[in-house]
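This report concerns only the one structure given below.
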Amino acid sequence: MHQSIATVSVSGGLADKLSAIAAAKFDGIEIFDQDLISSPLSPAQVADRCAELGLSIDLFQPVRDVEGVAPQAFAAVEHRLRVKLTVMRDLGVTTLLACSNTLPGAIDDPDLSAEQLHRLGELAADQGCRIAFEALAWGRHVSRIGQAWDIVQRADHPAVTVAVDTFHMLARGDGAEALEHIPGDQIGFLQVADAPVLGMDVLQWSRHHRVFPGQGGFDLAPLVAKVFEVGYRGPLSLEVFSDVIREADASITALDAKRSLLHLEEELRRHWAAAGVARPRIGLFDPPPVPSDPEVGFIEIATEPAQLDVLLTAAGFRVAGRHRSKPVTWWANGGANLLTNESTPDTDRWVADQPRPTVTGVGLQVDDVSGFTGRREALLWPALPLRRGEGEAPLAGVDSPAGIHYFVSGQPGTREDWRLDFVPERIPRPAGEGAWSALDHLGYPVAFDVSEAEISFYRTLFGLLPGDVSEFIDPRGRLRSRVMHSDASSARVVLNVTEGHFAAPRRGLNQLAFGCSDVLAASTAMRAAGVPLLAVPANYYVDLDARFDLPEEQLAQWREAGVMYDRDESGGELLHVYTDRIAGAFYVELVQRSGGYDGYGAAGTPVRLAAQRDIEL
């Protein structure tokens, strides 16, 4: 499939945009008029540069407010179009995007709009060009695809077609059914964008919050599928406006955009397969599938020698093994596994350069390591170089855009099992109740300019889906949190974008949440063993009583142990407890879920943020 992107969808000057887009292996571009106006390159020079880079110029956009114009003002519109058609000739592009009129003085008369588009079609045809008429979601009188198609039909000119933009359609509630009666040869261009589902002014939503496919809440596949089902065979093109894009590095954004189209093609393949119908004869991306159920096998922490030994022992961990070739110790507590890495520059320069302690990596277990490697390569995610000693498991590795290291291994007992790298030691069972289980979720701060790319990483590689955005008041600003999860995976990741903080958050994982069968017993045992737990204010428990009418004896136990609580509408419950921050770097949470509770204790998050503000362990 011919993949294209609007130059407005990456940051920088036009020359830099073109280089980044070509490096990401796009086939073509939409030239955004303002990008050209601001460039020192002439249209002919832009055309030559695109040819050198192997990029076609698929669309010139946008020409605004060209229909519904007062008759006495229409001559100015025709003059403007003649000039832009000359620019298009020099660019070598033959399709022009014209947007519906947004001006207060626009005239609500479909016949007048059709007559004016017909006249503009005559001008375009004289230059061998055609117009794709787009209904902007905030158009003054034409804001929906059905209205635009009605006007195109009335215009009755072969050079006047309709443009399909997924954002404008879905933002107005129009789905695939709105395209049912539009012939494919009358669709002049297809522009694709995703977006989080927000209740706000549609213009502001469009200009500041569009994202690439797979990063938002729109169900794009059925709508894009319908465009091809009715016979469209033009470019699949991205047009995304976003505050994140304006700040992000162009090369990173272009790669992220490319992956989003590959992901969308994969979604189209699944959509047609699920519908049980023959798909249109178009080439689609077909990588190895996402891992069926990736689960966290271990967490790696860079430490000084014996730096965390006392703390881990007090928390119920015991040494389970020692690495065959590296200064790495495997600690276990029930189903929880931590690896302490004491590497020097001779054994692992990257780990050695980190402040100690720092959570440096996550080990994932998948059913098919080679399949994961093939998927990573197909989606253009760079490999994380890993050293492998004799007899050690062949792990795969990948970095997220925010710099989180993932080590991917096979399931227990396979030749790719990470445990094979360790000489095992006898593991005494932790004393008392409250042994830990596998990781429930992990979280970390994400820089604003890579926040959307981080979502793309988890969705494209592992099939995790972005949840709704939650906002919390932080003592030093605002925290925006988004959970990546999937019914098909036990892995959960919480992405936290902080705003307004006096200092940038420390890079890397800072929240490790493990499951636990008895949080009260575990917290009581840890406190008795000297593990400092987060001091939860007494006011929190007064509020719990007000919200849930809990027995006083139960509240007293939780208050003494520092246990926090939540209950959902169906009666599911959460008990959880936090350690203090460890050297200012990360903290551990124990989570006990019951009754189908699937949340994260959001009501207590502002309390936790305030309590953690100045505490270090």
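The values are calculated or read from the model by the stated rules, or taken from the named source; none is laboratory data. Owing to the predicted nature of the structure, the values given are computational and were not obtained by experimental measurement. For neighbour counting, all protein chains shown are included, and Cβ atoms are generated from backbone atoms with ideal geometry for every residue, glycine included.
Data table
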read-out	value
Scan of segment 327-350 for residues that are assigned to a strand (DSSP E or B) and among the small types (G, A, S), ordered by number	A332, A336
Condition check for G68: under 30 Å from H141 (Cβ atoms), among the small types (G, A, S) and surrounded by 14 or more Cβ atoms within 10 Å (Cβ to Cβ)	yes
Number of positions in segment 21-79 that are over 24 Å from F133 (Cα atoms) and free of Cβ contacts under 8 Å to residues at least 12 places away in the same chain	5
Total residues in segment 484-501, condition at pLDDT 90 or above and closer than 23 Å to G596 by Cα	6
2 or more residues under 29 Å from Y458 (Cβ atoms) and touching a residue at least 60 places away in the same chain (Cβ under 8 Å): qualifying helices (runs of 4 or more DSSP H) within segment 157-237	202-209
Within segment 338-381, considering residues that are of a type in the set (D, E, K, R) and either in the same structural domain as P445 (by TED's automatic domain parsing) or in contact (Cβ under 8 Å) with a residue 12 or more places away in the chain (or both), the one surrounded by the most Cβ atoms within 10 Å (Cβ to Cβ)	R376
Identity of the residue in segment 80-102, touching a residue at least 40 places away in the same chain (Cβ under 8 Å) and in a loop (DSSP other than H, G, I, E, B), that ends up farthest from V164 (Cα to Cα)	G92
Out of A155, A135, A176, A148, sole residue that is within 19 Å of R80 (Cβ to Cβ), assigned by TED's automatic domain parsing to the domain that holds P235 and at pLDDT 95 or above	A155
When residues of segment 436-479 are limited to those that are assigned to a loop (DSSP other than H, G, I, E, B) and under 12 Å from the mean Cα position of the chain (by Cα), the one surrounded by the most Cβ atoms within 10 Å (Cβ to Cβ)	V446
Segment 183-214 - residue that is at pLDDT 90 or above and among the polar types (S, T, N, Q) and, of those, surrounded by the most Cβ atoms within 10 Å (Cβ to Cβ)	Q191
Every pair of residues 6+ apart whose Cβ atoms lie under 8 Å, when the first sits in segment 534-547 and is over 18 Å from A602 (Cβ atoms) while the second is of a type in the set (A, V, I, L, M, F, W, C) and modelled with pLDDT under 95	A535/A611; A535/I615
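Per-residue answers, yes or no, for (1) within 24 Å of N510 (Cα to Cα); (2) in contact with a strand residue (DSSP E or B) (Cβ under 8 Å, 6 or more places away or on another chain):
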{"residue": "L534", "(1), (2)": "yes, yes"}
{"residue": "D549", "(1), (2)": "no, no"}
{"residue": "I582", "(1), (2)": "yes, yes"}
{"residue": "S594", "(1), (2)": "no, yes"}
{"residue": "L609", "(1), (2)": "yes, yes"}
